[in-house]
1. Mind listing whichever residues of the range 58-73 are in contact (Cβ under 8 Å) with a residue 40 or more places away in the chain and either in a helix (DSSP H, G or I) or in contact with an Asp or Glu (Cβ under 7 Å, 6 or more places away or on another chain) (or both)?
2. Hey, can you tell me all the residues within the range 12-52 that are closer than 12 Å to residue 121 by Cα, assigned to a loop (DSSP other than H, G, I, E, B), open to solvent by less than 50 Å² (accessible area, probe 1.4 Å) and in contact (Cβ under 8 Å) with a residue 40 or more places away in the chain?
3. Listed residues 130, 55; which is on the phi > 0 side of the Ramachandran plot and free of Cβ contacts under 8 Å to residues at least 24 places away in the same chain?
4. Residue check: is residue 71 among the polar types (S, T, N, Q), under 18 Å from residue 113 (Cα atoms), open to solvent by 60 Å² or more (accessible area, probe 1.4 Å) and under 16 Å from the mean Cα position of the chain (by Cα)?
5. What residue, among those in the range 56-68 that are surrounded by 13 or more Cβ atoms within 10 Å (Cβ to Cβ) and over 23 Å from residue 110 (Cβ atoms), is nearest to the chain's Cα centre (by Cα)?
Amino acid sequence: MSNTDPVQSAPEQTVKERDTKNAMWRGFCRRCPNCGEGHMFTGFLKVVDRCPVCHENLSGHRADDGPAYLTILIVGHLLAPILIYSFVEFRPDPLLLATIFTVGTVALSLFLLPRLKGLVVGIQWANRMHGFGNAN
C-alpha cells in the first residue's frame with residue numbers, strides 16, 4: 001500500500017486572484033471587468049460574448065433578474081422618502097407630483113439598470129461564478 005495520496009500528488013494549479021472591487025467598478029462603468037477598456041454591452045442590456053480589447057469571454061454570465069431587483073430596491077429607497085417629504089412639506093397638486101416622480105423613477109431606473117447589470121457581471125467574473133470558472 002502506497003503512502004502517497006493521489007489528491008496531494010497532483011500538481012497544484014495556481015489561480016490568479018481577481019480584484020472584486022475593481023471588477024465591480026469596471027462593470028458599473030459598463031466596461032470589461034478584466035481590462036476595463038472594452039465595452040461590456042452591445043445594446044442597452046446585451047452583454048458581448050467577448051471583450052473587443054482583451055478578448056475575455058463574457059458569455060458565461062448569469063445576471064438574470066438580479067440587476068432589476070437591485071434597481072427597484074435603490075430607486076424605491078431613494079425616491080419614496082423624497083416623495084413623502086415633498087407631499088407633506090409642499091402639498092403640490094397630486095397629478096403634478098405623480099408626473100414628476102414618474103419621470104424621475106423611469107429616468108433613474110434607465111440610468112441604473114445597465115450599470116447594475118455590469119456590476120453583477122463584474123462580481124461573477126471576479127469570483128469565477130457560473131461560466132467564469134476557468135483559470136484564465
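1. Step one: of the range 58-73, the residues in contact (Cβ under 8 Å) with a residue 40 or more places away in the chain are 58-63, 66-68, 70-71.
Scanning the range 58-73 gives 58, 59, 66, 67, 68, 70, 71.
2. 33, 40, listed by residue number.
3. On the way: 130 fails: free of Cβ contacts under 8 Å to residues at least 24 places away in the same chain.
Only one candidate passes the filter, namely 55.
4. no
5. Applying the first criterion (surrounded by 13 or more Cβ atoms within 10 Å (Cβ to Cβ)) to the range 56-68 yields 56-58, 60-61, 63, 66-68.
Now restrict to residues that are over 23 Å from residue 110 (Cβ atoms): 56-57, 60.
On the way: 56: 17, 57: 16, 60: 14 Å.
Ranking the qualifying residues of the range 56-68, first place goes to 60.
The values are calculated or read from the model by the stated rules, or taken from the named source; none is laboratory data. Bear in mind the structure is a predicted one, so any value in this text is a computation, not a measurement. Cβ atoms come from the backbone with ideal geometry, glycine included; neighbour counts cover every protein chain shown. The accessibility values were calculated without ligands, DNA or RNA, using every heavy atom of the protein model including side chains. Shrake-Rupley method; radii C 1.70, N 1.55, O 1.52, S 1.80 Å.
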